[in-house]
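Okay, structure first, notes after.
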Amino acid sequence: MSEIQEVLGVVKRRNPGETEFLQAVTEVLESLGPLLARNKKYKDARILDRIVEPERQMQFRVAWTDDQGNIQVNRGYRIQFNSALGPYKGGLRFHPTVSASVLKFLAFEQVFKNSLTTLMMGGGKGGSDFDPKGKSDAEVMRFCQSFMTELHRHIGANTDVPAGDIGVGGREIGFLFGQYKRLTREFTGVLTGKGLNWGGSLIRPEATGYGAVYFAQEMLKTRGQNLEGKICTVSGAGNVAQYTVEKLLDLGAKVVSLSDSEGTIYDKNGIDREKLDYVMDLKNVRRGRIKLYAEEYKAEFLPGKNPWGIKCDCAFPSATQNEISGKDAKTLIDNGCAVVAEGANMPTDPEGVERFLAAGILYGPGKAANAGGVATSGLEMAQNAMRLAWTREEVDNRLHMIMTEIHRNCFETAEEYNAPGNLVVGANIAGFIKVADAMLDQGLV
Ligand code: NDP
């Protein structure tokens, strides 16, 4: 049995039922074959066995009271996966589907993604099965305070720096930061995605979406093309989706869809700036459902459907994991889709990934294409450490440079390991080398 299959066997035994985690580990390990064949040092130091095991994993009770005075109990987590390259860094997700498996897959992906950004950050992830949907601001605040009352023991500006993810935006980061400051009597850059007037970075809210579009631009460049006039579908309607649409509009593309967990809106006329402002107000201020867009602008609403049946040139999955099945991937390819840039984490299931690679379309896996968010979090940490703030233009230029560099690195690594154009192989090998070499240097810890 190969070393990779042996390690996968151990991961399966040790993490029973953790399907998402196993999916993410399988994808990474299975692309490392050519690298391991050329480098015995990783086997000698049992790097594979070590890299699939989180350094530390916390699970805790989060008790809080709702507006009616009822006691509620949720489960909180923080997974500190790998600190070879720096303090643990990765978001917090508040969503009813959150489990140890989901957070471990996200933390594992984060290790390699952070490595690709060229900044010094380890990988982690956390969150809770708490659902902020339908909760009042006061309930969200009480939950965040209770959550941070435990979490604060495990994090710190040089230890572990969480950020947002699904269900955790500016409002939640504010409440979490306030409680951290109260408990520790310290005003430090312990969270990223902070408000602009108290330590946040310009462009951080935009960064994941903008970055995914910059990555798509780089992929298209390799075929002498650009985004102008391209028909694009976007899933989700949250942070990543909104700023993906914004950048696509800036670059002259036509965006025809958005979605949420209730369904998809299909706007044949295209989502313009005014309609996007409506979505931002609907989702970020009024916290309403995307269906209302269809009523407002006489667009089609596809209840319970994702956008992958809509004909497009480029697709930007920006909602959640496994939202593109093998069947969806086939439909996209059959309809002429030639670019997929993943704003979400692991949005394509393994059969879908196989199909995209076999079809030879431009496929940017999440750990490369959506790294702009964490990269800009890294820039927020740098500004906090220097106690100064860069301009919007400066941060955006750095983000753009980082995304260009990530693409170049993945593209060239894929060529070097005999998988030209396969950015899955490129991202996994390039991300792995830096972490694994740091682990070798740091000894058996
Ligand atoms: P938000 O909470 O802002 O938005 C999430 C969107 O996806 C909402 O429209 C939500 O719909 C939809 N969604 C979530 N879960 C599901 C589901 N199970 N089925 C269908 N739709 C769903 O999150 P973000 O935009 O921040 O995150 C989106 C994706 O991008 C995630 O995969 C996240 O891990 C990834 N990502 C985010 C980064 C960031 O900086 N924020 C960085 C890198 C990756 P509804 O409101 O109905 O739940």
Quiz item: Counting Lys and Arg as +1 and Asp and Glu as -1, each charge on the Cβ, what is the dipole of region 244-334 about the Cα centre in debye, to the nearest 20?
Solution: 180 debye
Self-check item: Net charge, H154 excluded, C-beta distance under 9 Å - Lys, Arg +1, Asp, Glu -1
Solution: +1
Practice problem: For every other residue with a beta carbon closer than 15 angstrom to the beta carbon of E394, add +1 if it is Lys or Arg and -1 if Asp or Glu, then tell me the sum. | Solution: -1
Quiz item: Measuring from centroid to centroid over Cα atoms, what is the spacing of region 99-133 and region 383-445 in Å?
Solution: 16 Å
Quiz item: Based on the mean of other beta carbon atoms within 10 Å per residue, what is the order of 160-166, 72-78, 315-321, most packed first?
Solution: 315-321, 160-166, 72-78
Quiz prompt | Local electrostatic count at V213 - Lys and Arg +1, Asp and Glu -1, tallied over other residues with Cβ under 14 Å | solution = -4
Practice problem: May I ask for the distance between the Cα centers of region 309-345 and region 270-285, given as a whole number of Å? | Solution: 22 Å
Practice problem: Can you tell me which of 366-372, 232-238, 376-382, 131-137 comes out highest on packing, and rank the rest after it, using the mean Cβ neighbours within 10 Å? | Solution: 366-372, 232-238, 376-382, 131-137
Quiz item: Residue by residue, what Karplus-based ³J(HN,Hα) values in Hz, rounded to whole numbers, does region 107-112 have, using 6.51, -1.76 and 1.60 with θ = phi - 60° and x for Gly and Pro?
Solution: 5, 5, 4, 4, 4, 7
Quiz item: Using a cut-off of 28 Å between alpha-carbon atoms, which lysines can reach K434, once sequence neighbours fewer than 8 places away in the same chain are excluded?
Solution: K12, K40, K41, K43, K89, K104, K113, K125, K221, K367
Quiz item: Long-range amide H contacts for A253: which residues qualify at under 5 Å (H placed 1.01 Å from N, peptide plane, sequence gap of 5 or more or a different chain)?
Solution: G229
Quiz item: Using a ≥ b ≥ c from the Cα gyration tensor of region 285-429 (square roots of the eigenvalues), is it rounded, prolate or oblate, where a/c under 1.5 gives rounded and otherwise the larger of a/b and b/c decides, a/b for prolate?
Solution: oblate
Quiz item: Roughly how many nanometres apart are two label points built 7 Å out from the Cα toward the Cβ at E351 and E30?
Solution: 1.3 nm
Quiz prompt | Mean-position separation - Cα centroids, region 142-212 and region 1-74, in angstrom | solution = 25 Å
Quiz item: So how many Å³ per residue does the convex hull of the Cα atoms of the chain work out to?
Solution: 139 Å³
Quiz item: Dipole of region 207-360, Cα-centred, from +1 at each Lys and Arg C-beta and -1 at each Asp and Glu C-beta, to the nearest 20 debye?
Solution: 140 debye
Quiz prompt | Per-residue HN-Hα couplings for region 219-234 [Karplus 6.51, -1.76, 1.60; θ = phi - 60°; Hz; x = Gly/Pro] | solution = 4, 4, 4, 5, 10, x, 10, 9, 8, 4, x, 6, 7, 10, 10, 10
Quiz item: From the residues G373, V168, F215, which one has its Cα farthest along the dipole of the chain in the positive direction, the dipole being from +1 and -1 charges on Cβ of Lys/Arg and Asp/Glu about the Cα centre?
Solution: V168
Practice problem: Evaluate the charge dipole of the chain about its Cα centre and quote only its size in Debye, nearest 20, assuming +1 on the Cβ of each Lys and Arg and -1 on the Cβ of each Asp and Glu. | Solution: 760 debye
Quiz item: In terms of Cα to Cα distance under 28 Å, which lysines are near enough to K275, apart from those fewer than 8 places away along the same chain?
Solution: K133, K135, K194, K230, K247, K254, K283, K291, K298, K305, K311
Exercise. For the chain, report the accessible area per residue in Å² (1.4 Å probe, heavy atoms, rounded to an integer).
Key: 40 Å²
Self-check item: Nearest-0.05 FRET efficiency for V10 and A37, computed from C-beta distance (R0 25 Å)
Solution: 0.75
Quiz item: Carbon and sulfur atoms: what percent of the 1.4 Å accessible area of region 2-187 do they account for?
Solution: 48 percent
Quiz item: Ignoring any ligand, DNA or RNA, what whole percent of the accessible area of region 207-360 comes from carbon and sulfur when the probe is 1.4 angstrom?
Solution: 48 percent
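The values are calculated or read from the model by the stated rules, or taken from the named source; none is laboratory data. Only a predicted model underlies this, so the values are computations on that prediction, with no experimental measurement involved. Neighbour counts run over all protein chains shown; Cβ positions are idealised from the backbone, glycine included. Note: accessible area is taken over every heavy atom of the protein model, side chains too, but ligands, DNA and RNA are not part of it. Shrake-Rupley method; radii C 1.70, N 1.55, O 1.52, S 1.80 Å.
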